[in-house]
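Taking it in order: structure first as structure tokens, then the write-up.
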Amino acid sequence: MTDRVSITVKDHIADVKLVRTDKMNALDAKMFDALADAGAEVAANPDVRCVVLSGEGRAFCAGLDVSSMGQSGGSGSVGGNDAPDEGLGRLERRVHGDANHPQQAAWVWRDMPKPVIAAVHGVAFGGGFQVALGADIRIVAPGTRFSVMEMKWGLVPDMAGMALLRSLVRDDVARELTYTARIFDADEAKELGLVTKLSETPYDDAMEMAAYIAGRNPDAITAAKRLLNNAHDLTAAEVLLEESREQDKIIGSANQMEAVMAELEKRPAKFG
């Protein structure tokens, strides 16, 4: 994994970096594995309260390593799903809960219980764009370029892009970006709702935001992400009920009381 993705944990923040710099962090079978494994590792680490996801070198992620396409029938197939179950297509196999192996490289960041901030620069094309969409928040350098690029190669977005795009942009916008595979810049991406914040120093700003989030009650942060992840699939009445259920579990707990005392005493909280 370390030749594709590095992980450093400090002050409750997991600093996850794509480090395949000679290929602009392009996606191949090993990168799919590394991203899925990195997500699982930080999700399971009780010391981690927030994640910053970034790319070393010239880009966040240039998308599919085109040289890998000859090994498979599509972007997902290079992720190791070569032995289909009887009656299922190669990519239909669910090997990570709701996701197949390549989808997990992006979906793992949305699915994990800790907030994920993507610091994006250079380019985020195709699968790289979908990995960025998996984050809760995207802080992006001006001049960064994006594309739902799969149609260029005669493919459809298949790394959770459809599931992630639908909550961020209008339906017609998602269709236009998908059908055309055109490249668009950070300013347009922000206007469309795909970028949270533009920054000349996205990584530094992401780490600063992560430190702030890591200083909040981790139980409340986890519950809030769970509510936000589920809200789009629930009715208003169901969301109201889920809010109450989550609050019942948190209110009066040790970490919630520590949050109150730390605020009143104007000191950093010490959560368990």
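In segment 1-21, of all residues being part of a loop (DSSP other than H, G, I, E, B) and aliphatic (A, V, I, L, M), the one that is surrounded by the fewest Cβ atoms within 10 Å (Cβ to Cβ) corresponds to MET1.
Restricting attention to segment 1-57 and to residues that are among the polar types (S, T, N, Q) and touching a Gly at 6+ places or on another chain (Cβ under 8 Å), the residue that is nearest to ILE117 (Cα to Cα) turns out to be ASN25. Screening LEU177, LEU165, LEU133 for residues that are surrounded by 18 or more Cβ atoms within 10 Å (Cβ to Cβ) and over 15 Å from the mean Cα position of the chain (by Cα) leaves exactly one candidate, LEU177.
Can you work out which of the residues in segment 98-112 that are touching a residue at least 24 places away in the same chain (Cβ under 8 Å) and assigned to a loop (DSSP other than H, G, I, E, B) is nearest to the chain's Cα centre (by Cα)? Per the criteria, the residue is MET112. Note on segment 191-216: residues that are over 26 Å from SER147 (Cα atoms) and in a loop (DSSP other than H, G, I, E, B) total 2. Criterion applied to ASP158, ASP187, ASP111 was being surrounded by fewer than 24 Cβ atoms within 10 Å (Cβ to Cβ) and within 24 Å of ASP15 (Cβ to Cβ), and the one residue passing it is ASP111.
Answer yes or no as to whether ASP219 is part of a helix (DSSP H, G or I) and either closer than 19 Å to ASP111 by Cβ or in contact with a Cys (Cβ under 6 Å, 6 or more places away or on another chain) (or both). Yes; evaluated as a whole, the condition is true for this residue. Quick one: would you say ARG110 is basic (Lys, Arg) and at pLDDT 75 or above? Taking the combined requirement at face value, the residue satisfies it. Of the listed requirements (1) within 30 Å of GLY122 (Cα to Cα); (2) not in a helix (DSSP H, G or I), ASN229 misses just one: (2).
The values are calculated or read from the model by the stated rules, or taken from the named source; none is laboratory data. Keep in mind that this is a model prediction, so the values were computed, not measured. Quick reminder, even Gly has a Cβ in these numbers, built from the backbone with ideal geometry, and neighbours come from all protein chains shown.
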